[in-house]
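Here the structure is laid out as structure tokens; the discussion comes afterwards.
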Amino acid sequence: MTATALAKHATSLRDVFERYHVGWETRNPDLIASLHSEDTVFHIHDGSDAVHGREALRQRCIDTFEKFNFSFEMGRRLYGDDHWVFEWTMVLALKEPGGAPFTAKVEMLDVVTVNSRGEVARKDVYMNGGEAQAAFARAGIKR
């Protein structure tokens, strides 16, 4: 691939990332799902099963947004030929079992593969297990 072609490809990956991230920031499961391939795989590596297919992903997003109130602290983005790696911090608004609110931060890492049509074909999400476990335990959430 020429330097010009590489630059255009990197720009298109950045564009896909920007549209995709808007879906997550605005908690829009329809937008998120529309940017995934029909046969997408979405896997949060927290002991839960991977989700297969666009509609299943959309429903997972709906369930996640209903269950958790979180925002993002942006970190590094690294782009490859057909993927990006995104380091970020999840900022969770949680409550202790007695009702006292608290904020928890969990370091996260996304590895996202994009197909030749510019669709997200696979997303793997990894979280700092110790930080997640501590946050959910403090909130009385069994995982």
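Values in this text are rule-based calculations from the coordinates and carry no lab data. As the structure is a computational prediction, the values presented were derived from the model and not from experiment. Cβ: placed from backbone, ideal geometry, glycine included. Neighbour counts: every protein chain shown.
For the reader, a short list of remarks on this structure follows.
- Stokes-Einstein translational diffusion, the range 42-89 - Kirkwood Rh over all Cα pairs, 0.890 mPa s, 25 °C, in µm²/s: 192 µm²/s
- Magnitude of the charge dipole for the chain, about its Cα centre and with charges confined to Cβ atoms of Lys, Arg (+1) and Asp, Glu (-1), is about 240 debye.
- Estimated 222 nm signal from helices in the chain, with DSSP H stretches of n ≥ 4 weighted -39500 (n - 2.57), rounded to 500: -12000 deg cm²/dmol
- Selection from 69, 52, 102, by position along the positive dipole direction of the chain (Cβ): 102
- Whole-number percent relative contact order across the range 3-138, with pairs defined as alpha carbons under 8 Å at least 6 apart: 23 percent
- Binning the alpha carbon pair distances of the chain at 5 angstrom intervals from zero yields the distribution 2, 9, 17, 22, 20, 13, 8, 5, 2, 1, 0, 0, expressed in whole percent.
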